[in-house]
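Participant: Structure in structure tokens, see below.
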Amino acid sequence: MGDDRQPAHGARRNSARPGSPGRKCELDLIAKKLLEEAIERVRQLPEAVQDEAAEILLSLASKRAEPVHLDEGTRQAVREGKAQAGRREFASDEEMAGFFKHHGE
């Protein structure tokens, strides 16, 4: 008896055996098309959501990259932010509302 199951959306049956070069090429093509579809859908979303999606993708990509080397000014800003948090000095609700109003949230 044959296999009557249907392939996943966007996929097609392949006679290539798992692990074969032809199978890897097909899987790479499916992954590329999936990424392109996801990016096209994100482009239809509001700009703020697009920015968030871009940050997520860049974060994933950076996990495979070398560590980021921060300049001294950025290091100082991080130290100051950590010190403010340690003193429990956080932005007020009004400041956050203004931030989100300005940045489209």
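Participant: Looking at the range 52-105, which chymotrypsin sites (Phe, Trp or Tyr not before Pro) are in a loop (DSSP not H, G, I, E or B) and have at most 15 other Cβ atoms within 10 Å?
Facilitator: Here the chymotrypsin sites (Phe, Trp or Tyr not before Pro) that fit, given the DSSP loop and packing criteria, are Phe90.
Participant: Where does each of Ser92, Ser62 land when they are ranked from fewest to most other beta-carbon atoms within 10 angstrom?
Facilitator: Ser92, Ser62
Participant: Additional query: Could you line up Asp93, Asp51 from fewest to most neighbouring Cβ atoms inside 10 Å?
Facilitator: Arranged by neighbour count, lowest to highest, Asp93, Asp51 become Asp93, Asp51.
Participant: Here is a follow-up. Could you run the Karplus curve 6.51 cos²θ - 1.76 cosθ + 1.60 with θ = phi - 60° over the range 32-47 and give me ³J(HN,Hα) per residue in whole Hz, x for Gly and Pro?
Facilitator: Those phi angles translate into 5, 5, 5, 4, 4, 5, 4, 5, 4, 5, 5, 4, 7, 7, x, 4 Hz.
Participant: I would also like to ask the following. In nm, what is the difference between 0.36 nm times the number of residues separating Leu34 and Gln76 and their Cα-Cα distance?
Facilitator: Net length gain for the segment: 11.1 nm.
Participant: Classify the range 55-105: rounded, prolate or oblate, from the alpha-carbon gyration tensor (a ≥ b ≥ c, eigenvalue square roots; a/c under 1.5 rounded; otherwise prolate if a/b is larger than b/c)?
Facilitator: Since a/c reaches 1.5 but b/c is at least a/b, the shape of the range 55-105 is classed as oblate.
Participant: In the range 55-89, which GluC sites (Glu not before Pro) fall in coil by DSSP and have 11 or fewer other Cβ atoms within 10 Å?
Facilitator: Taking the range 55-89 and a limit of 11 other Cβ atoms within 10 Å, the loop GluC sites (Glu not before Pro) found are Glu89.
Taken together, the values in this text are just the output of simple stated rules run on the coordinates, not laboratory data. In this text, all values refer to a predicted model and were calculated from it rather than measured experimentally. Counting neighbours? That spans all protein chains shown, and the Cβs are built from the backbone with ideal geometry, glycine included.
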